[in-house]
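The values are calculated or read from the model by the stated rules, or taken from the named source; none is laboratory data. Predicted, not measured: the structure shown is a model, and the values here were computed from it. Positions of Cβ are backbone-derived with ideal geometry, glycine not excepted, and every protein chain shown enters the neighbour counts. Areas reflect the complete protein model, heavy atoms only, side chains present, ligands, DNA and RNA absent. Shrake-Rupley method; radii C 1.70, N 1.55, O 1.52, S 1.80 Å.
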Amino acid sequence: MVLTALWTGMAALSLLFGAALGRMDAVSEAALSGAASAVELGLSMAGALCLWNGVMEVLRQSGLAEKLAKGFRPLLRRLFPKAGKDPETLAAISANVTANLLGLGNAATPPGIQAVRRMARGLDGRADREVCRLVVLNTASIQLIPATVASLRAAAGCTAPFDILPAVWITSFLSAGAGLLAETLFSRLGGTRP
């Protein structure tokens, strides 16, 4: 809602100032070139995202995604003790984490939503610590292969889109650690139990 009002306001102000200053030709030229750039970026990213989503599907079909998810389950059971008792919820969390590790935020969203829906049962619309922890981990998104960012860099003309790997690894681990620390501190300050 807020973003809709913001974008509408910016477009209206552009039109008003363009008309007031007699520069409507520049406003229309900017609008058309911006639209063309958006379409070009979208098309160039679509190929890379299709590739990495295809890789994720190959991993799923071959069983490698399940093996990777099983490797995370001991850690995830410690992070999500209540959710760890439900195999379907734990599988959805594992799929979410696996997709995020591959930098596929779009592929991580459906299992993340499924996990939160299952975890939120009986909470009467309030998020408990485990739901908050999953949201923090999903937002921090520890990435081993930043596929989406690399796709954006390649679309922008970068010749080495994966040269950011060390920075991505460091920042994603630091952000996940800071997020988990903040979640723990805020839950203790708020007096909630694990």
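Some observations on this one:
- Net charge over other residues, Cβ less than 15 angstrom from the Cβ of Asn106 (K, R count +1; D, E count -1): 0
- Candidates Gln143, Gln114, Gln61: whichever shows maximal mean-square fluctuation once the chain is modelled as a Gaussian network with Cα springs under 10 Å: Gln61
- Positive-end ranking of Ala147, Ser33, Val135 along the dipole of the chain, with charges on Cβ about the Cα centre, is headed by Val135.
- Only DSSP H runs of four or more residues enter the estimate; each adds -39500 (n - 2.57), and after division by the residues of the chain the mean residue ellipticity at 222 nm equals -26500 deg cm²/dmol.
- Among Met56, Met24, Met119, the residue with the largest mean-square fluctuation in a Gaussian network model of the chain, with springs joining Cα atoms closer than 10 Å, is Met24.
- Span-rule helices in the chain, defined as complete DSSP H runs reaching 15 Å or more along the axis (Cα) with Kyte mean at least 1.6: 2-20
- Rounded if a/c under 1.5, otherwise prolate or oblate - region 1-137, Cα gyration tensor axes: oblate
- Per residue, region 71-144 exposes 51 Å² of solvent-accessible protein surface, assessed with a 1.4 angstrom probe and all protein chains in place.
- The aspartates and glutamates whose alpha-carbon is closer than 14 Å to the alpha-carbon of Lys85, local same-chain residues fewer than 8 away aside, are Glu130.
- Rounded Å value of the spacing that divides the Cα centres of region 59-97 and region 122-147: 14 Å
- Apolar share of the accessible surface for region 1-121: 69 percent from carbon plus sulfur atoms, 1.4 Å probe.
- Overall, the chain carries a charge dipole of about 1080 debye about its Cα centre when +1 sits on the Cβ of Lys and Arg and -1 on the Cβ of Asp and Glu, all other atoms neutral.
- Gaussian network model of the chain, Cα within-10 Å springs - most flexible of Ala115, Ala127, Ala99: Ala127
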